[in-house]
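Each remark here refers to the structure printed beneath this line.
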Amino acid sequence: MVTVDPNAPIPLYHQVERAIRERLRSGAWAPGTQIPTEDELCEQFRVSRITVRHALRNLVAQGLLERGRGRGTFVRDTTLTAGARGLTSFTSEMQALGLTAGGRTIESGVVSAAEDVATALDVPTGSEVVMIRRLRTGDGVPIGVQTAYLPAARFPGLEEQRLDDQSLYAVLRDRYGVTPSEAIETFRITHVEEADAALLEVPAGACAFTVERLTSDVHQPFELVRSLMRGDRYRVRLVLRNP
C-alpha cells in the first residue's frame, strides 16, 4: 500500500492523493461508499487537515470522489460522463476520470463507403474509407465498441496502424497533421446485440447508448464514429441555463 513519507521530495498532499487513488484502484474503497472523515485521514496519514483537504479537492476535481453536502465524501462511480466538455478523445476522457484508457483493434481495413457514411464525410458513395473497429476499456473494464470511418485518400496507410491503446486523434495529429476543431454528437438509447455482448461483458439485451460523432477540422468532416457504450458504464449529463 502507498504510504506518506514526510521526508520525500514529493509534496505531502500529492502523496496523500496518490495513496487514496491506490485504495480506489485496488477496490479497498468501493464505488458509492463513504471514505473516512478528514480527521480520520489526518490520523491515518499523519498529516494536517489542510494537506488532506488539498488532496481531496484534487480527487473531487478529477471525478474520483464526490462530496455529499452534510454527508461526507464518497467514492464516485467511475462511469464515463458525457456532457458539456471540450472536443476530446476517449483516451483524454478516461484520463480525466483517473482511469487508464485501453483498447483492442477488432477489425481494420479499407472498405467502400455506404451512402450514409459517404454523405456524412462528404465523399462519393462507394469511395474508399478506412474502417477501424475497436473495443475501448477503462482500467481494463469494457466500456464500448467504437467503429470509425475516415476517408482513405486523406489518411493513406492508416488501416495498417495498430492503434489498440493509442489515441486515434494523436495519430492523426502526429502522422497526418490533422487536428479536430468541431464535432457533432447524437445519442440514442438502445440495447446490446448478442454479437457485442461478449465483447462488452454484459448480457445480450442489456441497456446501452449508441453515440454517433461526426468530427471536422478547419476544412471538412474527416471522421465518423459510431459507438456502442455500456449503459451501466456511460451516462450523459447536460447543464441547462437560461440565456
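The values are calculated or read from the model by the stated rules, or taken from the named source; none is laboratory data. Keep in mind the model is a prediction, meaning the values are calculated, not measured. Because the Cβ atoms are built from the backbone with ideal geometry, glycine has one as well, and the counts that use them run over all protein chains shown.
Could you tell me which of the residues T37, T33 is in contact (Cβ under 8 Å) with a residue 24 or more places away in the chain, farther than 26 Å from D139 by Cα and in contact with a strand residue (DSSP E or B) (Cβ under 7 Å, 6 or more places away or on another chain)?
Values: T33 fails: farther than 26 Å from D139 by Cα.
So the residue among T37, T33 that is in contact (Cβ under 8 Å) with a residue 24 or more places away in the chain, farther than 26 Å from D139 by Cα and in contact with a strand residue (DSSP E or B) (Cβ under 7 Å, 6 or more places away or on another chain) is T37.
Give me the strands (runs of 3 or more DSSP E) completely within the range 61-127, filtered to those with at least 3 residues that are surrounded by 15 or more Cβ atoms within 10 Å (Cβ to Cβ) and at pLDDT 60 or above, ordered by residue number. Can you show your working first?
Numbers: elements: 65-68, 72-75, 80-83, 101-112.
By residue number, 72-75, 101-112.
Would you be able to say whether some residue in the range 144-158 is over 18 Å from V129 (Cα atoms), of a type outside the set (K, R) and surrounded by fewer than 19 Cβ atoms within 10 Å (Cβ to Cβ)? Outline the logic, then answer.
The initial filter retains those residues of the range 144-158 that are over 18 Å from V129 (Cα atoms), namely 144-145.
Add one more test, that the residue is of a type outside the set (K, R), and what stays is 144-145.
Restricting the remaining residues to those that are surrounded by fewer than 19 Cβ atoms within 10 Å (Cβ to Cβ) gives none.
No - not one qualifying residue is present in the range 144-158.
Select, from A195, A204, the only residue that is over 21 Å from the mean Cα position of the chain (by Cα), within 25 Å of S112 (Cβ to Cβ) and aliphatic (A, V, I, L, M).
Details: A204 fails: within 25 Å of S112 (Cβ to Cβ).
That would be A195, the only listed residue that is over 21 Å from the mean Cα position of the chain (by Cα), within 25 Å of S112 (Cβ to Cβ) and aliphatic (A, V, I, L, M).
Take the residues in the range 170-192 that are farther than 15 Å from E223 by Cβ and under 19 Å from the mean Cα position of the chain (by Cα); name whichever of them is surrounded by the most Cβ atoms within 10 Å (Cβ to Cβ). Write out each step before concluding.
Pass one, the range 170-192, residues farther than 15 Å from E223 by Cβ: 174, 187-192.
Now restrict to residues that are under 19 Å from the mean Cα position of the chain (by Cα): 187-189.
Details: F187: 15, R188: 9, I189: 10.
Among those that are farther than 15 Å from E223 by Cβ and under 19 Å from the mean Cα position of the chain (by Cα), it is F187.
Just to check your reading of the model, which residue among V239, V141 is at pLDDT below 90 and closer than 22 Å to G103 by Cα? Even if it seems obvious, please write down each step before you answer.
Values: V239 fails: closer than 22 Å to G103 by Cα.
Exactly one of V239, V141 is at pLDDT below 90 and closer than 22 Å to G103 by Cα, namely V141.
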